[in-house]
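The values are calculated or read from the model by the stated rules, or taken from the named source; none is laboratory data. All values reported here derive from a predicted model rather than from experimental measurement. Positions of Cβ are generated from backbone atoms using ideal geometry, with glycine treated the same way; all protein chains shown enter the neighbour counts. The protein model used for the area step is the full one, side chains on, heavy atoms only, and it has no ligands, DNA or RNA in it. Shrake-Rupley method; radii C 1.70, N 1.55, O 1.52, S 1.80 Å.
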4 protein chains.
Amino acid sequence: MQIGMMGLGRMGANMVRRLLKGGHECVVFDINPASVAALVAEGATGATSMEDFAAKLTKPACAWLMLPAAITGQNVDKLAALMAPGDVIIDGGNSYYHDDVDKAEQLRAKGIDYVDVGTSGGVWGLERGYCLMIGGPDNAVRRLDPIFATLAPGSNAPDTAASSEALHTAQLGYLHCGPTGAGHFVKMVHNGIEYGMMAAYAEGMNILKAANAGKKTRDVDAETSPLPTPQYYQFDIDMAAVSEVWRHGSVISSWLLDLTADALKQDPELAGYGGRVSDSGEGRWTLKAAIDTGVPTPVLSSAVFQRFSSQGESLYADKLLSAMRFAFGGHHEKPKSDTGAKAT
Amino acid sequence: MQIGMMGLGRMGANMVRRLLKGGHECVVFDINPASVAALVAEGATGATSMEDFAAKLTKPACAWLMLPAAITGQNVDKLAALMAPGDVIIDGGNSYYHDDVDKAEQLRAKGIDYVDVGTSGGVWGLERGYCLMIGGPDNAVRRLDPIFATLAPGSNAPDTAASSEALHTAQLGYLHCGPTGAGHFVKMVHNGIEYGMMAAYAEGMNILKAANAGKKTRDVDAETSPLPTPQYYQFDIDMAAVSEVWRHGSVISSWLLDLTADALKQDPELAGYGGRVSDSGEGRWTLKAAIDTGVPTPVLSSAVFQRFSSQGESLYADKLLSAMRFAFGGHHEKPKSDTGAKAT
Amino acid sequence: MQIGMMGLGRMGANMVRRLLKGGHECVVFDINPASVAALVAEGATGATSMEDFAAKLTKPACAWLMLPAAITGQNVDKLAALMAPGDVIIDGGNSYYHDDVDKAEQLRAKGIDYVDVGTSGGVWGLERGYCLMIGGPDNAVRRLDPIFATLAPGSNAPDTAASSEALHTAQLGYLHCGPTGAGHFVKMVHNGIEYGMMAAYAEGMNILKAANAGKKTRDVDAETSPLPTPQYYQFDIDMAAVSEVWRHGSVISSWLLDLTADALKQDPELAGYGGRVSDSGEGRWTLKAAIDTGVPTPVLSSAVFQRFSSQGESLYADKLLSAMRFAFGGHHEKPKSDTGAKAT
Amino acid sequence: MQIGMMGLGRMGANMVRRLLKGGHECVVFDINPASVAALVAEGATGATSMEDFAAKLTKPACAWLMLPAAITGQNVDKLAALMAPGDVIIDGGNSYYHDDVDKAEQLRAKGIDYVDVGTSGGVWGLERGYCLMIGGPDNAVRRLDPIFATLAPGSNAPDTAASSEALHTAQLGYLHCGPTGAGHFVKMVHNGIEYGMMAAYAEGMNILKAANAGKKTRDVDAETSPLPTPQYYQFDIDMAAVSEVWRHGSVISSWLLDLTADALKQDPELAGYGGRVSDSGEGRWTLKAAIDTGVPTPVLSSAVFQRFSSQGESLYADKLLSAMRFAFGGHHEKPKSDTGAKAT
């Protein structure tokens, strides 16, 4: 079927490629004409402006936006002004689901269907297919089924006959999760879980890295807690090999572990990284949803907060702790430079 | 090659089966004669006592113990008294690695090699193979290589040529991690990570479950925090379908997620469970290792502590919080019975 | 000076009493006429309606609202319609500071000053004085200084000469924290800290309570982690006496500890409580502010999440953990009833 | 009464001064003769060796050791060899209570009583008195009562008549908590609580510090989470004044807050500190006790782990997170230098 794609960054462009390969007709637009030209060369129909883009879509039109969350809203508004009742706009970016809920209500008044799609798969999606979490009105989602089926990984997994339609498409890698907003809600929680899993691996590997602590000379002063039983910390663990062996038959095998093992094979000391871990909005939104609904999330929040700390944001709190220790106990801070030496 | 197996519970018996299928000769012993008889019927050589077991092993003997951690130590001592220099004893149970380090030193004096093997794979190991994390002296571990190769999953994964011997066996699902104790140390951290991953999924799914909070009537009283924006919590999420779709192409796909999806397909409300989550020793030991070595583990510890809470162990602390709230603010506790109603 | 007080619940009525004792003239109103009558008997001027209340205030009028957060907004709107430019409305309730920021902007257009006051002190404020955290325009806050000075604890603490006006009033127990909203912002964070401190005491006391764990019989099964060194857990701690001794010269002495010691003297087993700990909005709002600004708050969030757990909200997550444990390891849940027995 | 004091560092020397002022006779010894001479000048009896020290104690002797935990054990052994049945040795240092339990059993065989005393009060103890948590046999603790009564703060607090002997001495600032080890156990938990309280204040103050985030320019890139509502983060909070106002009538007033307010008055930006927060053993031991007994301590552990992070110990984990983010999403790390700029 025909679909319009607006926003031809890495994600958008790769999705068009997967759709073209699946036999769909793609009308593409981006503010960067080179991005358009590249896909035209691969078989897409190019548009020179948003107006041209809208005009080239056969009615009822299907237009997919793959834009940064910060500019999605304004572009939806512009595009909606060029569209007619019965058309459908799909937001496939990393939007906050609140915005989807609000926008859907606004567009419903114009007779335009608004569908939100959370996509997971990152840079691997072109090859593996994208895991799609979809929110929107039934009829619109149903109409887009051929598009979703092509973008999703498909049925290479040996699944049994599904007991419901939801389970059937889920086995193919896409799912209609509920009304508009539900797609990004489920994707948001997916990312929250991702943070927690990543932190679980990272903390565990950090313990493995410290398993030779008993071999190291340790400062002996009142500000350094002694290692009580050095005889139990004499192991030099091969980080790459351990992450590899866990991939085979262990309870903690996962795709994230596959990637971790690859990364550690190339650089077991991770010397190429400084340790400043960014966080995108989804982790924060997940926590806000948990707080609103009163759901305890000690693990997911610890993962997010550790990222904040890695960004240097615990600095004032840490200074205050040192100030208190000095005030009641006369404890002087150990210089930070010692830390570096210790960490290597 | 020949190997003795002592302790024929679910794990030990299945390992024997996998070894027999791999062409090894197995001498088996258990205090329960029926367990011995069952495996004799499948081709193993049975022993009627520990003395008989030791006598039937060809020198230099290899004896694998698959016993509960609490009785491993005393059985190793008894068996060691029946063995000779050059023999090797393997502890494949869930022992604390401290005990392995101590025991290895003790047996070294007698010329007996002590090897510890952490095994992951649970009830699925017979079919999938066991992920083996091994600690012990080089020569002993090398001698046991055919056994490890059979127990481990093997090379069904499309791996590239390994750049080291460690990576080579790791790709087959077994790894010599270091001297005795290193195997259970790596297995311990594996379980710590497992706790964290499980909690990440559980917390995230719990948020999905609460996504329809805006549809529910909520108590309006000073002791209930209001839901600020009910319009954003109107989703009835199909838990089984979401866990299924995440298996296909998402960043959080994993074997634990495969099992979760299966469990939710059968019982989406998890009505068969009461919510009391046991913890075995490994999670606790992981935290102790982190504390000893000064490694921050906010995620892994939160996962362990949530299990303690599920076991009812936060009760006195919670009562104390209510007592303080009454003392400074005159707040009366809401009855617990309200909670149940709210949770359904 | 003259001040109007609307909302004569426990907090509002006691504030009027403290103001009357301080020589101020109080016009009082509440939808419950009996509450009005009670304070009229103590010297206040009563009002029979909001209109009457507004009419009895000398221009420029000062009206203090002490209402539940949920109905503050609508009452401010009604009252504002009866007021004139130059008047000031004070919100002394537990409002979300976002609402204050929004409301102040709205009233500014009408020439009415909006001041928000976070008050701490609970049921003890009448006697001890209230700690006041104030937000609003300079001129309005300055005009209300006599009121704040009377409500606050005053100078019984042996403070040195303050180096700034802010420090001077802070030593008396009230502080102009910034523009409207700043008062409730600082109060919100105060409550966030309160949650953390309370949890620190509660967790610590819970460990003391468990100090005799080595004396108890423990289930011996695969689902119960053994107590490794019972000889170190043979202490029967006198909870009331410990909380009392900490009040005298220890680093952790505090007013919350004073209240805790009192509560434990009366009921060391806290048998009067069930352990369901409510949370009001401030703890949740504190976390949202931390998330918005990227500030790590592992301790404050753990305190809030433990309250959610005490309310039964971890139930589905806990069931899911048990389901996973059964799926990979065949572990059966221990019945919850065992927990109760263990906890006593 | 007569008491011997061995170890004349800041704590030991000040305790001798408080005891001399209380009319006790003190025999003092330290490996540094100058420390002995200083106290002799103030009225103590000096000893030139451990033998001399032991000889100068009237039978039955009472010898108090105030030494670093690392060397306490060996000194107790040496001293015990010079003592006789009926004598008592007191360990007032920061020992691990396990060592006390073990040592008491060992000395019991020789007829020597071993008493452990956890002391809180830091550098302020000389003036305010020390909060004493005591473990040991009844008769020995009773005999030392005059010493404890002098060291403790005493009865300046307006307490009511105590209902038990424990509560009576607790009101004076000292408490016999149980058999040997109980003193340091209670002190250990005290410090665990201290960590939690300190972190609660530090995290809260850190949020206050970030209350002007909406005024700052923020990087706009895919690796920086945007501030959703800058209008609510426009407050420049006077940190010193806020900590001061909270001291007067608020729920979170405490001695730690008194010290915090002092520190912030002198240096609101805490420019004199680098943010590396040491931890002594007690916080770690508290967590181990919680883990052994299955008590959930999410708050206390978060406080300890944040200190580990401040010491640089999350570095490898953070690098691993960045490596994973690059692997699945192609995310490049933001340089650490940006962090510094952001934090100021």
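Quick look at the values:
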item	result
Convex hull volume per residue in cubic angstrom - Cα atoms of region A:1-91	81 Å³
Interchain or long-range residues, amide H under 5 Å from D:G4's placed H	D:V27, D:C62, D:A63, D:W64
For the protein assembly as shown, size of Cβ-based charge dipole, Lys and Arg +1, Asp and Glu -1, in debye	0 debye
Hull shadow area, averaged, region C:195-237 [alpha-carbon convex hull, nm²]	3.9 nm²
Where the protein assembly as shown is the region considered: accessible area per residue in Å², 1.4 Å probe	34 Å²
For region C:232-344: rounded, prolate or oblate by the Cα gyration tensor [a/c cutoff 1.5]	oblate
Percentage relative contact order, region A:207-344, counting C-alpha pairs under 8 Å, at least six apart	16 percent
Ranked by how many other beta carbons lie within 10 Å on average, peptides C:196-204, C:217-225, C:108-116, D:55-63 from highest	C:196-204, C:108-116, D:55-63, C:217-225
Kirkwood hydrodynamic radius of region B:41-98, from inverse mean 1/r over distinct Cα pairs, in Å	12.3 Å
Sites B:A271 and B:R10, calculated FRET efficiency, Cβ-Cβ separation with R0 41 Å, nearest 0.05	0.95
Distance from region D:38-101 to region A:207-264 (C-alpha centre basis), Å	42 Å
Within region C:46-135: Cβ-based charge dipole about Cα centre, in debye rounded to nearest 20 (Lys, Arg +1; Asp, Glu -1)	200 debye
Most positive-pole-ward Cα, C:N14, C:F53, C:I3, against dipole of region C:2-54 from beta carbon charges	C:N14
Contact order relative to length of chain A, as percent, for alpha carbon pairs under 8 angstrom and 6 or more apart	11 percent
Positive dipole terminus of region B:221-333, leading residue within B:L320, B:A263, B:G294 (C-beta point charges)	B:G294
Nearest residue to the symmetry axis between D and B, taken on chain D by its Cβ, in whole Å	D:S301, 2
Heavy-atom accessible surface of chain D: percent carbon and sulfur, 1.4 Å	55 percent
Calculated label separations, B:R143, copies of the chain, 7 Å along the beta-carbon direction, nm	5.9, 7.4, 9.4
Mean ellipticity per residue at 222 nm, deg cm²/dmol - from DSSP H runs of n ≥ 4 across the protein assembly as shown, formula -39500 (n - 2.57)	-15000 deg cm²/dmol
Cα radius of gyration and Dmax for region B:145-303 (Å)	21.1, 68
Neighbouring partner chain Cβ atoms per residue of A:94-103, average, 10 Å criterion	2
Pairwise burial C:B, computed as accessible area of each alone minus the pair, summed, 1.4 Å, Å²	6300 Å²
Label zone at A:H332, where the point sits 7 Å out along the Cα-to-Cβ direction: region A:204-227 residues whose backbone N lies under 19 Å	A:219-225
Cα→Cβ-extended label distance, 7 Å offset, between D:E51 and C:R218, nm	4.7 nm
Chain A: mean projected area of Cα convex hull, nm²	22.6 nm²
Other-copy label distances relative to A:E42, 7 angstrom Cα-Cβ extension, nm	5.1, 7.6, 8.1
Selected from D:S35, D:A213, D:H168, residue furthest toward positive end of dipole (chain D; charges at beta carbon)	D:A213
For chain B, built as a Gaussian network whose Cα springs stay under 10 Å, the top-fluctuating residue of B:A289, B:A80, B:A13	B:A289
P(r) tail fraction, the protein assembly as shown - alpha-carbon pairs more than 51 Å apart, %	34 percent
Computed magnitude of the charge dipole of chain D (debye, nearest 20; Cβ of K, R +1, Cβ of D, E -1)	300 debye
Region A:85-229: projected area of the alpha-carbon convex hull, averaged over directions, in nm²	14.3 nm²
Hz values of 3J(HN,Hα) by residue in region D:143-148 - Karplus curve (6.51, -1.76, 1.60), Gly and Pro given as x	4, 7, 3, x, 5, 4
Per-residue mean of C-beta atoms belonging to partner chains within 10 Å, peptide C:175-186	5
Exercise: per-residue mean of other protein chain Cβ atoms within 10 Å, B:268-275	6
Gaussian network model of chain D, Cα within-10 Å springs - most flexible of D:Q171, D:Q311, D:Q266	D:Q266
